Amino acid sequence: MRRAAALLAAGALLLMAAGAPDPKTETSHVVKPGETLGGIASRAEVPRILIIEANGLKAPYAVKAGQKLVIPRRRTHVVKDGETGFSIAMDYGVPWSAIAAANGIKSGEAVKEGQKLAIPTLAKGTAPSAPATAKPVATKPAAAPSVDVDDADPPAKFAWPVSGKVRRGFVARSGKAAFHDGIDILADKGTAVRASAAGTVIFAGPGPKEYGKTVILHHGKRWTTVYSYLDKITVKLGDKVKAGERIGLNGQDGLATEPQLHFEIRHNRGALNPARYLPKAD
């Protein structure tokens, strides 16, 4: 056993001397003949489940020579008071189903203050395996306060998701009781709701009771948009959508008292005033 360990260590040193990446720090790995997923995970010192989730691998999780794998370096999140799985997923732009799987917990299980969560990295183009109707563990959309101004530039221009009169505008939290994290746009039931900008679907299903059926798109650089009160969702978790592509049909779900769309623009989980980013209405 000692001799075998010594030979493995010597082999690793030779690979490093030859310019091969260090298995303990590499962020991608090209599978070599004879390698197994377990062996790669062991050498990379990354839990096997994180590599599975990052690459969307299916059972029995066999890998092939020449296959390129994302090696997700561990990001850790400590749950704060008031945070939920819904808000944490929105924060990192990673579906809650993937975070739950990486931590060996059920997707419907509530998180607790002080709990440490590993945040997996998803390979580009990888669609999470959880169904689009997976329930979020949330009673609120996020714990971060809404703000009026954000200095960061969005990765794309935002367009109106539906045409209609704004029934209720944005009100920053700022200690106010009557805050409103987005805008409510009046539109007939069944009207197509379209992606405000190109992005990836990180949530599609029943949201918190206030929101009803909800779709959340991640646009990169921790920018997200939220579409709620939907009558029907026409995309699924992991879908890549283009700007203007239909993601659902307008409805009267959640706390809506008439057909309307609740729309939010968020950065780093903070809700921003959509009026600052949408083109002026005609």
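Only one residue in Lys240, Lys209 is touching a residue at least 60 places away in the same chain (Cβ under 8 Å), touching a strand residue (DSSP E or B) at 6+ places or on another chain (Cβ under 8 Å) and among the basic types (Lys, Arg). Which one?
Among Lys240, Lys209, only Lys240 is touching a residue at least 60 places away in the same chain (Cβ under 8 Å), touching a strand residue (DSSP E or B) at 6+ places or on another chain (Cβ under 8 Å) and among the basic types (Lys, Arg).
Please pick out the residue among Ala132, Ala144 that is modelled with pLDDT under 70, surrounded by 20 or more Cβ atoms within 10 Å (Cβ to Cβ) and not assigned by TED's automatic domain parsing to the domain that holds Ile183.
Ala144
Which condition does Pro208 not pass, out of (1) modelled with pLDDT under 90; (2) not in a loop (DSSP other than H, G, I, E, B), if it passes all the others?
(2)
When the residues of the stretch 100-117 are filtered to those that are at pLDDT 85 or above and surrounded by 17 or more Cβ atoms within 10 Å (Cβ to Cβ), which remaining residue is nearest to Gly238 (Cα to Cα)?
Among residues in the stretch 100-117 that are at pLDDT 85 or above and surrounded by 17 or more Cβ atoms within 10 Å (Cβ to Cβ), the one nearest to Gly238 (Cα to Cα) is Ala100.
Given the conditions (1) in a strand (DSSP E or B); (2) within 19 Å of Asp91 (Cβ to Cβ); (3) of a type in the set (A, V, I, L, M), and given that Leu237 satisfies all but one, which numbered condition is not satisfied?
The number of the failed condition is (1).
Evaluate the following for Gly190: is it at pLDDT 90 or above and within 13 Å of Arg246 (Cβ to Cβ)?
The answer is yes for Gly190.
For the subset of the stretch 250-269 comprising residues that are of a type outside the set (S, T, N, Q) and surrounded by fewer than 18 Cβ atoms within 10 Å (Cβ to Cβ), which member is farthest from the chain's Cα centre (by Cα)?
Once the filter is applied, the top-ranked residue is Glu258.
Applying the selection to the stretch 63-79, what residues are of a type outside the set (S, T, N, Q), over 16 Å from Ile99 (Cα atoms) and either assigned to a loop (DSSP other than H, G, I, E, B) or in contact with a Lys or Arg (Cβ under 6 Å, 6 or more places away or on another chain) (or both)?
Answer for the stretch 63-79, where residues must be of a type outside the set (S, T, N, Q), over 16 Å from Ile99 (Cα atoms) and either assigned to a loop (DSSP other than H, G, I, E, B) or in contact with a Lys or Arg (Cβ under 6 Å, 6 or more places away or on another chain) (or both): Val63, Lys64, Ala65, Gly66.
Any residue that is part of a loop (DSSP other than H, G, I, E, B) and either at pLDDT 85 or above or not assigned by TED's automatic domain parsing to the domain that holds Pro206 (or both) - is there at least one of those in the stretch 4-13?
No: the stretch 4-13 contains no residue that is part of a loop (DSSP other than H, G, I, E, B) and either at pLDDT 85 or above or not assigned by TED's automatic domain parsing to the domain that holds Pro206 (or both).
The values are calculated or read from the model by the stated rules, or taken from the named source; none is laboratory data. Fair warning: this is a prediction, and the values are worked out from it, not measured in the lab. Cβ coordinates were reconstructed from backbone atoms using ideal geometry, including for glycine residues, and neighbour counts include every protein chain displayed.
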